[in-house]
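Reading through the structure tokens given below for one structure.
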Amino acid sequence: KAGVTQTPRYLIKTRGQQVTLSCSPISGHRSVSWYQQTPGQGLQFLFEYFSETQRNKGNFPGRFSGRQFSNSRSEMNVSTLELGDSALYLCASSPDRGLYEQYFGPGTRLTVT
Amino acid sequence: KNQVEQSPQSLIILEGKNCTLQCNYTVSPFSNLRWYKQDTGRGPVSLTIMTFSENTKSNGRYTATLDADTKQSSLHITASQLSDSASYICVVIARSNDYKLSFGAGTTVTVRA
């Protein structure tokens, strides 16, 4: 089976712009979670989608949003980018919610200038 | 204050030696605890998932322990190899109305020949 794929792998944006990141989960996986990783804050949970519905949300401002499609693929959007949004954005998929192993993608490295 | 504390922050060991990483948490109500290995520039990879009733779980040369009474976990690496050089992240999941993830800052392990 192919692993979790994320596109693009690298992205440079300017303050004030918006960005959309994409995640394709492992075939058959229905849960997709998004994380932000920075050197200062470490890994932080953004949100989880399951069956096209947001099921869980971390403590991030409303500028961060996401969605999941019927094929379980997911996108996250960040509007009005700030310098502090520069980070590695990781997507993880699992077969279902709960006590299941999560499989992470390679991440999208976003740099905001 | 972070509810998941990992120690040490970093360590250097010689190839072939053993080491132990610590994870202390205050998260409740406890659901499960996970250890991840993250190589530089890549997404985390799950090593173990431990529930309340599990004291020890192994994955090859990695052995995790959990003491739910003292809210402590450890990850022991036996006969370290150069490929063990990575960041090791402890994640504790609480469950009340829904799942809440708390992340440790990670321990960076460097294995030297």
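A few remarks follow.
- Whichever residue in segment A:101-113 is under 14 Å from B:Leu47 (Cα atoms) and in contact (Cβ under 8 Å) with a residue 12 or more places away in the chain and, among such residues, is surrounded by the most Cβ atoms within 10 Å (Cβ to Cβ): A:Gln102
- Residue in segment A:44-58 that is under 25 Å from B:Ser87 (Cα atoms) and in contact with a helix residue (DSSP H, G or I) (Cβ under 9 Å, 6 or more places away or on another chain) present: no
- The listed residues are A:Gln17, A:Gln36, and the only one of them that is touching a Leu at 6+ places or on another chain (Cβ under 7 Å) and more than 25 Å from B:Ile49 (Cα to Cα) turns out to be A:Gln17.
- Residue match in segment A:101-108 (condition: at the interface with another protein chain (Cβ under 10 Å from one of its Cβ atoms), under 16 Å from A:Arg9 (Cβ atoms) and small (Gly, Ala, Ser)): yes
- Evaluated against (1) free of Cβ contacts under 8 Å to residues at least 60 places away in the same chain; (2) closer than 27 Å to A:Thr108 by Cα; (3) surrounded by 13 or more Cβ atoms within 10 Å (Cβ to Cβ), B:Phe103 falls short on exactly one condition, (1).
- Those strands (runs of 3 or more DSSP E) of segment B:1-91 in which 3 or more residues are open to solvent by less than 70 Å² (accessible area, probe 1.4 Å), on the phi < 0 side of the Ramachandran plot and in contact with a strand residue (DSSP E or B) (Cβ under 9 Å, 6 or more places away or on another chain) occupy B:4-7, B:19-25, B:30-38, B:45-51, B:62-67, B:72-77.
- Selection of segment A:71-100 for residues being more than 10 Å from every other protein chain (Cβ to nearest Cβ) and open to solvent by 30 Å² or more (accessible area, probe 1.4 Å) yields A:Asn71, A:Arg73, A:Glu75, A:Asn77, A:Ser79, A:Thr80, A:Glu82, A:Leu83, A:Gly84, A:Ser86, A:Pro95, A:Asp96.
- Residues in segment B:61-70 include at least one that is of a type outside the set (Lys, Arg), within 26 Å of A:Pro39 (Cβ to Cβ) and free of Cβ contacts under 8 Å to residues at least 60 places away in the same chain.
- Scanning segment A:48-58 for residues that are under 14 Å from the mean Cα position of the chain (by Cα) and among the polar types (S, T, N, Q) gives A:Gln54, A:Asn56.
- Looking across segment B:51-66, the residues that are over 17 Å from B:Leu14 (Cα atoms) and within 13 Å of the chain's Cα centre (by Cα) come down to B:Thr56, B:Lys57, B:Ser58, B:Asn59, B:Thr63, B:Ala64, B:Thr65, B:Leu66.
The values are calculated or read from the model by the stated rules, or taken from the named source; none is laboratory data. Owing to the predicted nature of the structure, the values given are computational and were not obtained by experimental measurement. Don't worry about glycine lacking a Cβ; one is built from the backbone with ideal geometry, like all the others, and counts go over all protein chains shown. Accessible surface areas use protein heavy atoms only, side chains included; no ligands, DNA or RNA. Shrake-Rupley method; radii C 1.70, N 1.55, O 1.52, S 1.80 Å.
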